[in-house]
Structures are given as C-alpha cells and as structure tokens.
Amino acid sequence: MSSLVWWRDAVIYQVYPRSFADADGDGMGDLRGITSRLDHLAELGVDALWMSPFYPSPQHDAGYDVADYRDVDPRFGTLEDFDALVAAAKARGLRVVVDLVPNHTSSDHAWFKAALEAGPGSQARERYHFRKGLGPDGELPPNGWQSVFGGPAWTRVPDGEWYLHLFDTSQPDLNWDLAEVRQMFVDVLRFWLDRGVDGFRVDVAHGLIKESGLPDWTEAQVPITSPGAEHRTPPMWDQDGVHDIYREWRRVLDSYDGDRMMVGEAWVSPAERMARYIRPDEMHQAFNFSYLMAPWTAAEQRTAITDSIAGVAPVGAVCTWVLSNHDVVRHASRLGFELGHSTQGGIGVGDPQPDEALGLRRARAATMLMLSLPGSAYLYQGEELGLPEHTTLPDGERQDPTWFRSKHEVRGRDGCRVPVPWQQDAPSFGFGPGAASWLPQPADWGRFAADAERGVPGSTLSLYTEALRLRRSYELGRGVLEWNDGDDLVDFRNGGIRVITNFGQVPAPLPPGEVLLASGDLAADGSLPPDTTAWIRA
Ligand code: NOJ
C-alpha cells in the first residue's frame, strides 16, 4: 500500500440524498440535484463525497431499508443519473463513496417476500433469522433482544414464526452464516465498483454476525465493552466472525485499480476492539465516534485525540475524525448546551434549547481543531454553512422510525436531516424548484443559505473553505502532533502550523507568529478568546 493513497488524509463530505438538492421538484432530493451542486463541493475543497442510500426502498428508515441493492430508487433518479453524477464528480476531481447496508434488507426485498411466502422450515427463511416464539403458543419473542430504535427486536408473522430485526420491523436482519448471502454482497460490491465508485461506507459493520444460538440479552442497547471486562460482548455486536467478511471484501476491492476503500460504521469500544476492523487486510477506516462524543473540555478533547491516534497505531491505520452526521444532533447545536447535557434522543419543541451563538462559536472552533488533525475527516452536508439542528420541528412532521418505535419518547434524528438552504430568496431556500420539502425548513434559514455566505469574509462557508485550503497546503492530514502543555488549551504543533483551541473562560495569550486563520475574532490585544481556535504559522 502506497503511503500516498488518497483516503489516508481525505476530507469526505457526506451527502444525504433526501435533503441535499431536489432537481425534479417533488420535495425530496435526488441524484440530478446532487450533480447540479457539485461545484459547491469542488469550491469548498473536499476530496470525496459519500452518499447515504439512494437505492430502491420503501423509505421506512430513510433508505437504510434497501429493497434492491443494484438500482436507484425512482424518487432519486436512475442508474444513468448515477453514472452522470460519478462522471461529473470525477471531472471535478471528486471521488465517490456509496453506502452499503449489509446487516439487514428491507422487508420489501425479494428475499424477504419469498421467505414470508415459503413458510416455516423453508430454504428461503434461512436467509434471515426466523425462530419459533416462547410460551405455550409461541406467543412470546424468541429472546429478549431489543431493537436499537426501541421495542423488541422481533416481529411475529401470521404463520406464528418470529423474525429478528435489530432496527425497524421493516429491516429484517440477514443470516450471514449463509454462503448465498455473502456471495450476494460480493456481487453488489462488484456492481458498484464496476460503475466507478471509489469506496463504500459500511452500515452497522459490527452487527452482521450474531452469536450462535442467539443467547438471551436483556440489557439495553449500549456501546459495548471488551470481553473479559465487567460485561460480556453482547451477542448481536462485534462478533469475531465479522472480520472474515471484511477480509473477503478487501480482496475484492484490492482486485480493482485506483485505491478503492471501505469505511466502517462500527459502534465499538474500546479502541483495541475498534482497531480490529482496520487491520491491514480489512477495512481502511472506521468512524471515530468516541471523538464525536467527547465533551467540550480541553482535557477530554486532548484525551480523545491522543487515544484515537494511539488506538489505530498498532494496526498501522489512519484515524478518522467526525463531528456531525445524519444520526446525531448537529454539532452547531450540540455544543450550544451546558457541559453534561445529553442530546442523544434529539431535540424538539418543549425541550431545552441550545444557545445558538455559543453553539456556532464552538462548532467553528471544533471544526478548525478537527481539520488540523492527521488522518481523514468527515463533514456532514450543511455544517459548512454553520447549519444548526432544526430544534423546534413540530412532532407531527417527524418521520424517523425511532420516534414511532420509542412510542414518542425519543424525538429521533429528523432535526439534522432538514433540506439544505442554498439561496436566501427562493422557495425552499433553493433546495428545489417548489416550496415543498419532505421535512419543513425553519422560516429563518435564509441566513444560512450558501449564496448568503459565499465569498463573505468571516462566514462559516469562508472559514471552511480557507481551512480546507490551508489543511491541504500544509499537509496537516499527513502530519504528526507535538503537544504543548496548557490547562484550558488544546495546543500542539502539526508540521508548519501551531494549533491552539481555548476551552477556558478567559482569553489566552497567543505565541508570536502569523495567525493564518482563526475560528472567531481575536481580542483587541491579539489574545485568543474562549471557544476559539487559531492556526499560527510555526
Ligand atoms: C446506521 C445508519 O447511519 C442509520 O441512519 C440507520 O438507521 C441504521 N444504521 C440502520 O441501518
């Protein structure tokens, strides 16, 4: 493997197709919409885009319920639109990563329909986890496993059997012990590799294999701990067998030219368990959710950064960094709360509201810190505009299955999925030709529109663009950190740049040197205000 492979320091921009840009005016984003906005990504200066699922799907979990892995949902366009998108991206020097959802299919997938039709004991049911229930008439679920979205992880079908779904009832888990299932996904990989994709983001990468016999587990769904520690590994997560799958996929990717890559979504801790997914013959990267969840204090951020770097070192992999995605409260809102306030269930009308100015200030500081770190960084659409969460979305508009399965206890993830504002004075702020969008945008979002920020000094869009330019020219993604002490500061040197973030309550003096970029205005005496990051020429 060359040390110059593109993904080792890439900045990868997540496009959520439903909400990026709507070319056909149906209120939902589409592939032609994405293609029409690629110049924005090229000007921003990212290396690649990763698209969340656009495959045929009943959309019960916003496309993470795939009914056909080798096509495009008519809502999003056609395979020709996909090819045109890839060509337009390549023409702008952008790589394309697609989402792969192997843990479960949609209940609309031909395999699941066949399983329902074929009945108990059939070959077709082998592809999933069908079981008899407990109790005299099998009226109780086969075990106590809970769905990540709330409620039991089992649903009963009319003939009395139950099937396993770790997520929504419309997302039956596949049986990865079956060679046929493995072969299908190898074919799917090849299908998209042949169409020119540069990589895959692997959904629920820690979930595919279940402990044999499906032993009971009644605890809530929590991030896991290592075996031998206080808790045993939950029987549905991080089983050793998953690694054989990724080794096989790696061989497939390596048989193609052009450094194709895989990044795993694996909610696994501690770092040594996570590192197993990115051994040299498995995936290339895994999302660093410990970093995303690290509290906003100097000590916690420093620990998250140094532990992350140390965690991947033994396997020779690169770190990834991420602050926002389609499953968490946007960091411009998450950081606008007092320390210790959890936003895990989302934010809605009637919930405590974030301090918007504080959130944005910290978000800009956090992003500049993140973009100064060695490895690969992931951005989520709209964060370059300083977009906050929609924190007052009316409950009646919610679409996330979490909201329904938790019986309206968990607000869910709709607030970070609201369509992007492109133009301040246009219907749906330029998201599409019409006024409608599948989730309503807050009325005042014109102030975050891309055209209101482009070229405006000090705007969040200008900050991201400049940070990405400097990151590239100083090769920060390939650097090594040399740490300085400082109680309320994160302070290190990465090659030619000294990076300082002030987590304290009072301004901190800056060392001599030219301030190349700062996330907010410096104090009149040139010191660094609280919740601000500066990059100084070292
Ligand atoms: C993780 C995805 O990011 C999330 O959006 C989805 O709901 C679950 N996996 C289930 O596929």
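Annotations for the structure displayed:
- Residues with amide H under 5 Å from that of residue 264, placed H, sequence gap 5 or more: 202, 285, 286, 287
- Lysines whose Cα lies under 21 Å from that of residue 132, excluding same-chain neighbours fewer than 8 positions away: 113, 210
- In Hz, Karplus ³J(HN,Hα) per residue of the range 503-514 (6.51, -1.76, 1.60; θ = phi - 60°; x = Gly, Pro): 9, x, 9, 10, x, 10, x, 9, x, x, x, 6
- Average Cα contact separation per residue, the chain, under 8 Å, 6 or more apart, as relative contact order %: 13
- A Förster distance of 60 Å, applied to the separation of the beta-carbon atoms of residue 240 and residue 524, puts the FRET efficiency at 0.55.
- Report summary: the helix-based calculation at 222 nm, which adds -39500 (n - 2.57) for every DSSP H run with n ≥ 4 and divides by the residues of the chain, gives -7500 deg cm²/dmol.
- Residues in the range 431-440 carry Karplus couplings, in order, of 4, x, x, x, 7, 7, 9, 4, 10, x Hz; the curve used is 6.51 cos²θ - 1.76 cosθ + 1.60 with θ = phi - 60°, and Gly or Pro positions show x.
- Overall shape: oblate for the range 309-466, with the ratio a/c of the largest to smallest alpha carbon gyration tensor axis at 1.5 or above and b/c at least equal to a/b.
- Two-decimal Rg to Rh for the chain - Kirkwood Rh, Cα set: 0.96
- Convex hull per residue volume in Å³, alpha carbons only, for the range 493-538: 64
- Charge-dipole axis of the range 424-538 as Lys and Arg at +1 and Asp and Glu at -1 on Cβ define it, positive-most pick from 459, 474, 511: 474
- Where labels lie 7 Å past Cα in the beta-carbon direction, separation of residue 140 and residue 456 in nm: 6.0
- Rounded to the nearest 20 debye, the dipole magnitude of the chain is 800 debye, with +1 charges on Lys and Arg beta carbons, -1 on Asp and Glu beta carbons, and the Cα centre as origin.
- Cα long-axis angle, helix 242-254 against the chain (0 to 90 degrees, to the nearest 10): 70
- Amide H contacts under 5 Å for residue 197, placed H, 5+ residues apart: none
- C-alpha long axis of helix 79-91 to longest principal axis of the chain, angle in °: 30
- Per-residue HN-Hα couplings for the range 297-306 [Karplus 6.51, -1.76, 1.60; θ = phi - 60°; Hz; x = Gly/Pro]: 9, 4, 5, 5, 5, 4, 4, 4, 5, 5
- Whole-number D in µm²/s for the range 399-482 (Stokes-Einstein; Kirkwood sum over Cα pairs; 10 °C, 1.306 mPa s): 101
- Cα principal axis extents for the range 236-356, largest first, Å: 52, 31, 30
- Cα centroid separation, the range 79-104 to the range 366-445 (Å): 22
None of the figures in this text is laboratory data; all of them are computed from the coordinates on show. Quantities reported herein were computed from a predicted structural model and do not represent experimental measurements. As a convention, Cβ positions derive from the backbone with ideal geometry for all residues, glycine included, and neighbour counts pool all protein chains shown.
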